[in-house]
Amino acid sequence: MFNRLLRTAGFPWAIRALGFVALAAALLSIPALLSGSEWLKHKRKRRSLFDKTAFKDRLFLVFTACSFCTFLGYMVPYFYIPTYAKERLGSSESTALYMLVLAIAASFFGRLVSGVAAHWLGPIVTWAVCAFASAVLSLCWITIEDEKTFIAFSILWGMFFFLLFPLLHPVAVVNQPTSQPKKN
């Protein structure tokens, strides 16, 4: 959509069109997500937005540093998949962008699998397996010399890398036994 609108309508209208699509999706999904929520019916006690005691918890600090490094390392392929396909493999611009789209589309199936795997193996083990698989795939990237292999890489990388996102919160909760708010 963006690529076609960029050529016909120009950059400003291509961005606006993407914004309108995102707005429509949000307007449809937010009421559905909030309907029937018991959490909204009860009045809650006001609490501070920033908790200074988190910086005294070593487990939280280690988890935050590890998560930061994990995502910092795994965001590189996300940005360089189209560039690699175009510059190194000689793919057309549209094919290079579609390789990224394939990775993102594969993330749908990866996110579905992550919930089931985390239920049976636990969120930390699932997180570690996905991080390891993504790392191995990222290291194997340098050996890819043709489009077919790179398409397979993009799909597998998308499945394993995007598994890390939905697992971030369950891993944080399991990792922080004191994450429940204190009752006064």
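Give Phe79, Phe108 a once-over and let me know the one that is within 17 Å of Leu163 (Cβ to Cβ) and among the aromatic types (Phe, Trp, Tyr).
On the way: Phe79 fails: within 17 Å of Leu163 (Cβ to Cβ).
Result of the check over Phe79, Phe108: Phe108.
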(message) Would you confirm whether or not segment 93-104 contains a residue that is out of contact with any His (no Cβ under 7 Å at 6 or more places or on another chain), assigned to a helix (DSSP H, G or I) and closer than 22 Å to Phe68 by Cα?
(response) yes
(request) Working only within segment 138-148, note down all residues that are surrounded by 14 or more Cβ atoms within 10 Å (Cβ to Cβ), modelled with pLDDT of 85 or more and assigned to a helix (DSSP H, G or I). (result) Trp141, Glu147
(request) Those residues that are touching a residue at least 24 places away in the same chain (Cβ under 8 Å) and of a type in the set (D, E, K, R), I need them from segment 131-165; list them, please. (result) Glu145, Asp146, Glu147
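Looking at Gly158, Gly90, which is the one that is out of contact with any strand residue (DSSP E or B) (no Cβ under 7 Å at 6 or more places or on another chain) and exposed (fewer than 14 other Cβ atoms within 10 Å of the Cβ)?
Numbers: Gly158 fails: exposed (fewer than 14 other Cβ atoms within 10 Å of the Cβ).
Exactly one of Gly158, Gly90 is out of contact with any strand residue (DSSP E or B) (no Cβ under 7 Å at 6 or more places or on another chain) and exposed (fewer than 14 other Cβ atoms within 10 Å of the Cβ), namely Gly90.
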(message) Return the residues of segment 93-116 that are farther than 15 Å from Phe150 by Cβ and surrounded by 19 or more Cβ atoms within 10 Å (Cβ to Cβ); say none if nothing qualifies.
(response) Ser107, Gly110, Ser114
(request) Run Arg47 past the list (1) in contact (Cβ under 8 Å) with a residue 24 or more places away in the chain; (2) in the same structural domain as Val171 (by TED's automatic domain parsing); (3) surrounded by fewer than 11 Cβ atoms within 10 Å (Cβ to Cβ) and report the number of the one that doesn't hold. (result) (2)
(request) Confirm whether Ala128 is under 30 Å from Asp57 (Cα atoms), assigned by TED's automatic domain parsing to the domain that holds Arg58 and free of Cβ contacts under 8 Å to residues at least 12 places away in the same chain. (result) yes
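Only residues that are assigned to a helix (DSSP H, G or I) and among the aliphatic types (A, V, I, L, M): list them for segment 149-166, please.
Initial filter on segment 149-166 (assigned to a helix (DSSP H, G or I)): 149-161, 164-166.
Selection gives Ile151, Ala152, Ile155, Leu156, Met159, Leu164.
The values are calculated or read from the model by the stated rules, or taken from the named source; none is laboratory data. All values derive from a computational prediction rather than experimental measurement. Using ideal geometry, Cβ is built from the backbone for each residue, glycine included, and neighbour counts are taken over all protein chains shown.
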